[in-house]
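> Next up is a structure, given as structure tokens.
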Amino acid sequence: MTDKSPRNRRIMIAVVAALAAAAIVVPVLGVLLTPGVLTKQQDAVGMTTTTTTPPPLTIKPLSLRPVTGGPFVIRPGDCDPPPPTPPEAPLRICDIVKSAVYELGPQALTVQLTDVDSFLNPLTAKQMVQVTMTPESARAFGDFTASHIDQQVAFVRSNLVVWAPKITERIDGEVLQLSGDVTEEQAREIARMLKDEA
């Protein structure tokens, strides 16, 4: 073996790792939004359609409310559970980690999720939560985002703000990706909350 063989081996490993990462990530690349990041995934071209019956929906509809104020620093009592609030009333609630409180307008939209998962994006090394919606919810969400550009929206579950991204453009497609400065544990908890009220 020559002196260059360990170097060649490292290069080969790096190339294989990059190809493997690209194979995982390319289907889920989208357009990033800030401060929380919301992305869209393009629909695959040439997908075969079938006539099978879709599985029953097991995830409760997710409430979206416009952010009218905040995030504010937590004060004592801010994160106490609020009394039952009708969808048409404003709401003041904490985020999922109880580090900030938001003032929210009336419910603007509900979306039906079909799947939620969390994972590490190998290209950005950031945790992501991927959300899949029904086609009807995807259309409604696309219309909502088109009319709320440069505004912040809160995904609300169990009287907590699970995620509050800023909308920077119309978001089309059934698959959304949420990313930001969250740990693996926080991403898993966000995914769990989006799936389940408990």
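> For GLY77, indicate whether it is surrounded by fewer than 10 Cβ atoms within 10 Å (Cβ to Cβ) and at pLDDT below 90.
When the stated conditions are applied, GLY77 passes them.
> List the number of the failed condition for GLU88; all other conditions in (1) acidic (Asp, Glu); (2) touching a strand residue (DSSP E or B) at 6+ places or on another chain (Cβ under 9 Å); (3) on the phi < 0 side of the Ramachandran plot hold.
Every condition holds for GLU88 apart from (2).
The values are calculated or read from the model by the stated rules, or taken from the named source; none is laboratory data. Because the structure is a prediction, the values reported are computed rather than measured. Here Cβ is always computed from backbone atoms with ideal geometry, including for glycine, and neighbour counts include all displayed protein chains.
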